[in-house]
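Please read the structure below before turning to the comments.
Values quoted throughout were computed directly from the atomic coordinates according to the rules given, and no laboratory measurement underlies them. Remember, it's a predicted structure, so these values are computed and weren't measured experimentally. All Cβ positions, glycine included, derive from the backbone under ideal geometry; neighbour counts span all protein chains shown.
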Amino acid sequence: MKKVELIDVSKSYDRQKDVISNINVTIEPGEFFVLVGPSGCGKSTMLRMIAGLEEITGGTLKIGEKTANRLPPSKRDLSMVFQNYALYPHLTVEENITFGLDVKKVPKADRKKRALDTAEMLGLTDYLKRKPRELSGGQRQRVALARAIVSEAPICLMDEPLSNLDAKLRAHMRSEIRRIQKRLGITMIYVTHDQVEAMTMGDRIMILHSGKIQQIGSPIEIYNHPANPFVATFIGSPPMNLAAADVRKEASLLVLANGTEIVMPKGSLDEIAEERVTLGIRPEFLMPPVTGEGLPVFDAEVTNVEVLGHETVFSFVAGEGEWTAKWNGQWQIQPGDRIPIAVDTGSACLFSLEDGRLIRKAADRQRTVTKEGAAL
Amino acid sequence: MSTIREGAAQVPAEKRPGVWTRTRRGRTALLYLLPSFILFGVFVFYPMFRTIYLSFFLTDQRGDAAVFVGLDNYRYLLESAAFLNSAKATILFVLYTVPAGVVIALFLALLANEKLKGIGFFRTVYSSTMGVSVAAASVVWLFMFHPSIGMFNRFLALFDIGQIQWLLDPDWALFSVAISTIWMNTGFSFLILLGGLQNIDEHLYESAKIDGAGYFYQLRRITLPMLSPTLFFIITISLINAFQSFGQIDILTKGGPAQSTNLIVYSIYREAFVNYQFGTASAQAVFLFLCILVVTILQFKFGERKVHYQ
């Protein structure tokens, strides 16, 4: 198990404009590290730089304790799963799995044994003699996974490996990849654009946007305390609601552009230096007044309603735009209704309007199940 | 259930449509196929059957069938030293041009598939022979093969090697024609092979690189198997082309010297339009057709096993 360290890494194609810049991160041995960001943010490029498929134009990459900037891909002790799996269509599943071992001239008996073990781990034993085109998407994905595992490399890179699978299979493979990674203790660097994958799989997540790190942290930390409005809207579904608001310190009020007043807990705005801020609040913290007893309430006009059975998601006018709220249960709300909405203001984040910096953290929301509670 | 059954009973049984209506789709299809049928009929099938028909006859000056002779034309051919010589020259010619042509085109395609600055220039140059007509190319080669002013002999003279009578020496003529033919065919083969190479998923090579496979290992285990359908196509086309070479022979050697470059197609031409023996010429044509057919069938039977289709 090895760690991967990126020190001030940057990449530019034309030697003028950096597509990736100032990447500083240490990925610990055995960690499941997720790189997430919208398309074109540079996450795949970063992964390819770690793999050695793309030149590093600035900074240092360390694998283990060794500087690896100039090492060829094969000397970096890693395996990689590609988005389109990159299976050799003319070779059988078994030959695909052993390809890397053939290259490294692993003894034949050993090769066979390792291939069979890996195939068994991934449930591919019955398909060893088939060609990739005779497999379903999910089976191909497993072959790609098997090929990465069989090399026994301490570091595994994955480039959006689940994006070609249907939703159900994707959910299944998420937990399977996670399970294998834990079992083998591999250092995993996993690229995805899907925030659900990032949240559910990663020990730590790094959010990239236009080639720059937005935030690094554990999934819950990022969800609860997003470093800026970009992270706030990128992680979580539906995204966090944002709106510019005027700060009225004396009354402990935030006033949105359309005049909606939100009463904040007493004294919570005292340390805010700005006169205008971006208010951020997650849809689940906008509650029905019945549930959110004692919380400040404001009225808003509903614009769209989706009843999903276990919850009701609706949007309403707030500030200059629309906000979304998520209420548990099935609510009879019609577009055009004016309804009261309670705000859990303790869970609101405030961001600086100029640079997007987080100026007020939301209260922690993690809960634990107590012994007594479980007994009941 | 009962309501459904009642509802079904009320639908009147549909009358079986007439023949005219039933064949509507077939007739539409025929209409679309008609232009191809006419073109193929006039330019391929009619001449083909006419050739087979004529091969059983002795013909008059205008090429009309005069006397039915059965298989005599074929018997005559198989006993004729000139024809056997043609057949031998053709086989040699095929052996000279096809393997060398494909290997050279593959080599150039592999070079031109690299991602380098200005590679577009080389791709254009390598494929440019495709745009040169056989006649024009032959004239250029005629000058290069010229014994005294030709480029080849001048080059040899630099190293004090004596002159070679490229097109005039019976031992060299077929070889010389083969060289020029390889040159002419390279452009086409190159372009098709390059297309095939570019179709191979780049990720396969990246994956192999991470596994540590070197260039030749990748070439042997990824490139060639993935390219096999293209290679198979090119070999088939080159074989057929080689069997049918005509233009360069007519311009460079006219079948000489001493019949050494008298390939079958040229021999057919001579027999028909110089000697006016349309009967034996047709028999030769049928013979060539059968040869190409057999070779192609053999190739599909044995070559295609090694071909991997996506």
Obtain the nm distance between the two label points defined at B:Y215 and B:R25 by a simple spin-label model: each point lies 7 Å from its Cα along the Cα-to-C-beta direction. 5.5
Determine the principal axes of the Cα atoms in the range A:179-233, then give the extent along each, sorted from largest to smallest and rounded to whole angstroms. 36, 23, 16
Across the range A:150-164, in residue order, what do the Karplus-derived ³J(HN,Hα) couplings come to in whole Hz, using 6.51 cos²θ - 1.76 cosθ + 1.60 with θ = phi - 60° and x for Gly and Pro? 5, 6, 6, 6, x, 10, 10, 10, 10, 10, 6, x, 9, 6, 9
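From the C-alpha coordinates alone, can you work out the Kirkwood hydrodynamic radius of the range A:273-312, in Å?
13.0
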Summing +1 for each Lys or Arg and -1 for each Asp or Glu, what net charge is found among the other residues whose Cβ lies under 10 Å from the Cβ of A:S151? 0
Is the shape of the range A:238-360 best called rounded, prolate or oblate, per the rule: a/c under 1.5 gives rounded, else a/b larger than b/c gives prolate, else oblate, with a ≥ b ≥ c the square roots of the Cα gyration tensor eigenvalues? prolate
Sorted from largest down, give the three principal axis spans of the alpha carbons of the range A:204-303, whole angstrom values. 39, 32, 24
Rg/Rh ratio calculated on Cα atoms of chain B (Kirkwood radius): 1.15
Here, GluC sites (Glu not before Pro) of the range A:293-370 satisfying both criteria (DSSP loop; at most 15 other Cβ within 10 Å) are A:E293, A:E320, A:E354
Search the structure for amide H atoms under 5 Å from the amide H of B:A66, placed 1.01 Å from N in the peptide plane, and list their residues when 5 or more places away or on another chain. B:L58, B:T59, B:D60
Give me P(r) over the range B:203-310, computed from all C-alpha to C-alpha distances, binned every 5 Å, as integer percentages. 2, 11, 14, 14, 12, 10, 9, 8, 7, 5, 4, 2, 1, 0
Taking every residue in A:80-90, how many Cβ atoms of other protein chains lie within 10 Å of its Cβ, on average? 6
Given B:140-153, B:288-301, the highest-first ranking by average Cβ count within 10 Å works out to B:140-153, B:288-301
Per the Debye formula with a single identical scatterer at each Cα and no solvent contribution, what log10 I(q)/I(0) holds for the protein assembly as shown at q = 0.06 Å⁻¹? -0.64
Please enumerate, by chain and number, the lysines with C-alpha under 26 Å from the C-alpha of A:K168, excluding those fewer than 8 residues away in the same chain. A:K43, A:K131, A:K182, A:K326
Given B:74-81, A:50-57, A:70-77, the highest-first ranking by average Cβ count within 10 Å works out to A:50-57, A:70-77, B:74-81
Would you work out if the range A:4-224 is rounded, prolate or oblate? Take a ≥ b ≥ c from the square roots of the eigenvalues of the alpha-carbon gyration tensor; rounded if a/c is under 1.5, else prolate when a/b is larger than b/c, oblate otherwise. prolate
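Enter the mean number of other protein chain beta carbons within 10 Å of the beta carbon of each residue in A:92-102, as an integer.
Averaged over the peptide's residues, the number is 2.
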Once the in-chain neighbours fewer than 8 apart are removed, the lysines whose Cα is under 21 Å from A:K104 read A:K2, A:K75, A:K112, A:K113, B:K209
Cα long-axis angle, helix A:108-121 against chain A (0 to 90 degrees, to the nearest 10): 30
Convert each backbone phi in the range A:64-74 into a coupling constant with the Karplus relation 6.51 cos²θ - 1.76 cosθ + 1.60 (shift: θ = phi - 60°), then list the ³J(HN,Hα) values in order as whole Hz, x for Gly and Pro. x, 10, 9, 5, 10, 3, 9, 6, x, x, 5
Rounded to the nearest Å, the spacing of the alpha-carbon centers of the range A:149-180 and the range A:287-301 is 42
Return, for the Cα atoms of chain A, the radius of gyration and Dmax in Å, separated by a comma. 24.6, 78
HN-Hα couplings for the range B:149-154 via Karplus (6.51, -1.76, 1.60; θ = phi - 60°), in whole Hz with x for Gly/Pro, come out as 9, x, 4, 4, 5, 4
Kindly provide the chymotrypsin sites (Phe, Trp or Tyr not before Pro) of the range A:293-376 that DSSP labels as loop, not H, G, I, E or B, and whose Cβ sees at most 16 other Cβ atoms within 10 Å. A:W331
What is the magnitude of the charge dipole of the protein assembly as shown about its Cα centre, with +1 placed on the Cβ of each Lys and Arg, -1 on the Cβ of each Asp and Glu, and no other charges, expressed in debye to the nearest 20? 2260
If amide H atoms are modeled at 1.01 Å from N in the peptide plane, then the residues at a separation of 5 or more from A:I272, or on another chain, having amide H under 5 Å from its own are none
Quick one: work out Rg over Rh on the C-alpha atoms of the range A:101-147, Rh as Kirkwood radius. 0.99
Where does each of B:28-34, B:265-271, B:211-217, A:193-199 land if you order them by average Cβ count within 10 Å, highest first? B:265-271, A:193-199, B:211-217, B:28-34
When Cβ neighbours within 10 Å are restricted to other protein chains, what is their mean count per residue of peptide A:147-157? 1
Assuming R0 = 25 Å, what is the FRET efficiency of B:E114 and A:T67, from their Cβ-Cβ distance, to the nearest 0.05? 0.30
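Taking R0 as 41 Å, what FRET efficiency do you get between B:D60 and B:F37 from their Cβ-Cβ distance, rounded to the nearest 0.05?
0.80
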Computed over the range B:213-252, the Cα gyration tensor eigenvalues, each multiplied by 5 and square-rooted, give semi-axes in Å (largest first) of 34, 12, 4
Considering only C-alpha atoms, what is the centroid distance from the range B:234-310 to the range A:314-336, in Å? 79
Nearest 10 degrees, 0 to 90: helix B:170-198 Cα axis against chain B principal axis: 40
Student exercise, the range A:4-224 dipole from Lys, Arg, Asp, Glu Cβ charges, in Debye to nearest 20: 620
